[in-house]
1. From the list 15, 38, 45, 79, which one is over 30 Å from residue 213 (Cα atoms), touching a helix residue (DSSP H, G or I) at 6+ places or on another chain (Cβ under 9 Å) and surrounded by fewer than 21 Cβ atoms within 10 Å (Cβ to Cβ)?
2. Please find, within segment 124-142, the residue that is surrounded by the most Cβ atoms within 10 Å (Cβ to Cβ) out of those that are in contact with a strand residue (DSSP E or B) (Cβ under 6 Å, 6 or more places away or on another chain) and closer than 20 Å to residue 179 by Cβ.
3. Select from segment 98-116 the residues that are closer than 8 Å to residue 128 by Cβ and in contact with a helix residue (DSSP H, G or I) (Cβ under 8 Å, 6 or more places away or on another chain) and write down the one among them that is surrounded by the most Cβ atoms within 10 Å (Cβ to Cβ).
4. For segment 89-134, what are the residues that are in contact (Cβ under 8 Å) with a residue 40 or more places away in the chain and more than 19 Å from residue 43 (Cβ to Cβ)?
5. In segment 143-167, which residues are under 17 Å from residue 102 (Cα atoms), touching a residue at least 60 places away in the same chain (Cβ under 8 Å) and surrounded by fewer than 21 Cβ atoms within 10 Å (Cβ to Cβ)?
């Protein structure tokens, strides 16, 4: 294991396909929700007029953990093939979209994804804290008034601790959330959402750490996964 103690370069890949959803409203609350696309699911929000679909996926690291190796990520790249879209059968289109890609040391729970506007994962008030987020990206887009149902990115940022991990999975959570800045909830009959496919490329180094350091990482990974 002498080579591993110095570090071995690794490159990992994952892909998430397109997701689509339709929301039929009765007043301001969706009454019928249909989601298509492998792994995509609807997550109801604290404000029912906020529409959210999520894909929770992961990269398997068990081959490294079985050899008592720790992964230190050096670069994480999300490759999006298109901007999200929103169309309606009638009524106003939601005027804001929030797109998140999060790499974490454990799987996000449905509760942690249920009020993303007010408690985004990886920030204060969310139980997925900064130390559990290795890397994340967020993009906020506003409706383009010149192109039907098209959105223009107005804000983008990255976040995360960059912490190494001894967990057996590297969790990738992909989120699309739409909201309206109007005070009244949308009264449309049906809203259609679409989010394009995305590639994930992770570069890093696996290292054999000293026993006490590695055991502590394992303890944190074990308690986090079951928190």
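1. 45
2. 136
3. Here the residue is 104.
4. If the condition is that a residue be in contact (Cβ under 8 Å) with a residue 40 or more places away in the chain and more than 19 Å from residue 43 (Cβ to Cβ), then 89, 90, 91, 92, 93, 95, 105, 134 are the ones that fit.
5. Keep residues of segment 143-167 that are under 17 Å from residue 102 (Cα atoms), which gives 155-165, 167.
If we keep only those that are touching a residue at least 60 places away in the same chain (Cβ under 8 Å) as well, we get 162, 164-165, 167.
Selection gives 162, 164.
Each value in this text was obtained by applying a stated rule to the coordinates, not by laboratory testing. Keep in mind that this is a model prediction, so the values were computed, not measured. Note: ideal-geometry Cβ built from the backbone for every residue, glycine included; neighbour counts use all protein chains shown.
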